[in-house]
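Asker: After the structure tokens below, expect a handful of questions from me.
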Amino acid sequence: MNTVMQPALMNFNEELFADSEARLVNALNDSGMLLMVSIGHRLGLFNALQGAEPMTSVELADKTGLQERYIREWLGSLVAGRVIKTDPARGTYWLPAEWAALLSDGADVNMAVYAQFMPLLGKVEDDIIHCFREGGGVPYERYDRFHEVMAEDSSQTVLAALFDAILPLVDGIEARLSNGIRVLDLGCGRGKALMKLAQRYPKSRFTGYDLSEEAIAWARAEAQNLRLTNVTFEVRDLTDFDQTGPRTAFEFITTFDAIHDQAKPLNVLTGIRRALTEDGVYLAQDIRGTSHHHSDAEHPLGAFLYAVSCMHCMTVSLAQGGEGLGTMWGRERALDYMNRAGFGTVMVHELEHDIQNDYFVCTP
């Protein structure tokens, strides 16, 4: 009997198979390391090890007030992951300075912050599988700690560079803020960027909108703690912002990684154009992508960002009956949407400190 070979078998590449197997094994191993990195960050273990002399698991447990048996197993994972060093003769452990520069709070960019996304998004895996089969989306309230982790993320990509790199993208905006203008931040989350601006520019007035009641409650409490009287926060659904957004009410509007999450992103952008004064400026930070799968394969974080999209950004939009634009909507689509929203000029910038975002400066 004659058999017909399937094309996939006829073209089977043994070398590619071996490379793919090795890659999957490494990814599985590294995923365990990342989970322990997330736990170490949340418990302050990397900070406790940073710059410290080698110590035993008992000494680290005493220093942190944590349980030694768990500490010992955590150390084992990160020794195997080649993050933490050990002296087996003395039973001591230490964090090399090079790793401390990447994983502690003293780091320029604490990479441990991003490790938290893996367990955070893993919590909704069953919900996402249901959506694959039945459609729909996973609502915001299913994501524990999401705004807490995003606030840590934005502290590194936005807050740390806000005055030295991001605001200077907009000609003259610092002088205008000093003199006093009206500023709106959409999708403000916990409002840390707005509060930092409000502290620096007391003559300006700042408003933040977000759909999350938890995030807005946190922002209001923090603004009160800081005794800021020139910033307000409001829970607001932006789905119909193209119709409900105030006309010519703000000289400066910002969004930081917020447009791609929206149920109706074009409506939000159209509302932003409507809300800007004629001499106003809209500054948007959003995920850098190409709008095409084949070219996003070259993105150094492409697989991770598409996973974040599938597990959060796309699905929360679909949960609201939205477009499900997704994290990796990309520069090409972003420029198209901004043009359709009515902006006259759009300039795109890349910043050295931020490999995952583009910065768009839009004017009427």
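The values are calculated or read from the model by the stated rules, or taken from the named source; none is laboratory data. Everything numeric here is computed off the predicted structure, so don't read it as measured data. No Cβ is skipped: glycine too gets one built from the backbone with ideal geometry, and neighbour counts run over all protein chains shown. Just so you know, the surface numbers come from the protein's heavy atoms only, side chains and all, with ligands and any DNA or RNA stripped out. Shrake-Rupley method; radii C 1.70, N 1.55, O 1.52, S 1.80 Å.
Asker: Name the residues in segment 316-332 that are crowded, with 22+ Cβ neighbours inside 10 Å and polar (S, T, N, Q), would you?
Answerer: If the condition is that a residue be crowded, with 22+ Cβ neighbours inside 10 Å and polar (S, T, N, Q), then Ser317, Thr327 are the ones that fit.
Asker: What residue, among those in segment 7-51 that are open to solvent by 100 Å² or more (accessible area, probe 1.4 Å) and outside any helix (DSSP H, G or I), is farthest from Val113 (Cα to Cα)?
Answerer: This residue is Asn11.
Asker: Go through (1) open to solvent by 50 Å² or more (accessible area, probe 1.4 Å); (2) in contact with a Cys (Cβ under 7 Å, 6 or more places away or on another chain) one by one and return the number of the condition Glu134 breaks.
Answerer: (2)
Asker: If a residue must be open to solvent by less than 40 Å² (accessible area, probe 1.4 Å), in a loop (DSSP other than H, G, I, E, B) and within 14 Å of Ser154 (Cα to Cα), how many such residues does segment 350-364 contain?
Answerer: Matching residues across segment 350-364 total 2.
Asker: While we're looking at this one, here's another question. Quick test for you: out of Met347, Met338, Met311, pick the one residue that is in a helix (DSSP H, G or I) and either open to solvent by 10 Å² or more (accessible area, probe 1.4 Å) or among the polar types (S, T, N, Q) (or both).
Answerer: None of the others qualify; the one that does is Met311.
Asker: Assess whether Ser155 counts as being open to solvent by less than 50 Å² (accessible area, probe 1.4 Å) and small (Gly, Ala, Ser).
Answerer: Yes: the conditions hold for Ser155.
Asker: A follow-up question, please. Test Ser154 against the criterion of being of a type in the set (Ser, Thr, Tyr), assigned to a helix (DSSP H, G or I) and more than 16 Å from the chain's Cα centre (by Cα), and give yes or no.
Answerer: Answer is no for this residue.
Asker: Search segment 275-308 for residues being of a type outside the set (Ser, Thr, Tyr), open to solvent by 40 Å² or more (accessible area, probe 1.4 Å) and part of a helix (DSSP H, G or I), and hand back the single one that is farthest from Ser154 (Cα to Cα).
Answerer: His294
Asker: Go over the candidates Val25, Val58, Val4 one by one and state the one that is among the hydrophobic types (A, V, I, L, M, F, W, C) and modelled with pLDDT under 95.
Answerer: Exactly one of Val25, Val58, Val4 is among the hydrophobic types (A, V, I, L, M, F, W, C) and modelled with pLDDT under 95, namely Val4.
Asker: Where residues in segment 214-242 are out of contact with any Phe, Trp or Tyr (no Cβ under 6 Å at 6 or more places or on another chain) and of a type in the set (Asp, Glu), which of them is surrounded by the most Cβ atoms within 10 Å (Cβ to Cβ)?
Answerer: Asp242
Asker: Based on this model, can you work out whether Glu332 counts as without any contact (Cβ under 8 Å) to a residue 12 or more places away in the chain and charged (D, E, K, R)?
Answerer: no
Asker: Next question, about the same structure. Just need a number here: residues in segment 197-213 that are surrounded by fewer than 17 Cβ atoms within 10 Å (Cβ to Cβ) and touching a helix residue (DSSP H, G or I) at 6+ places or on another chain (Cβ under 8 Å).
Answerer: Total satisfying the criteria: 2.
Asker: Being under 30 Å from Glu59 (Cβ atoms), open to solvent by 40 Å² or more (accessible area, probe 1.4 Å) and of a type in the set (D, E, K, R) is the requirement here; does Arg182 meet it?
Answerer: The answer is no for Arg182.
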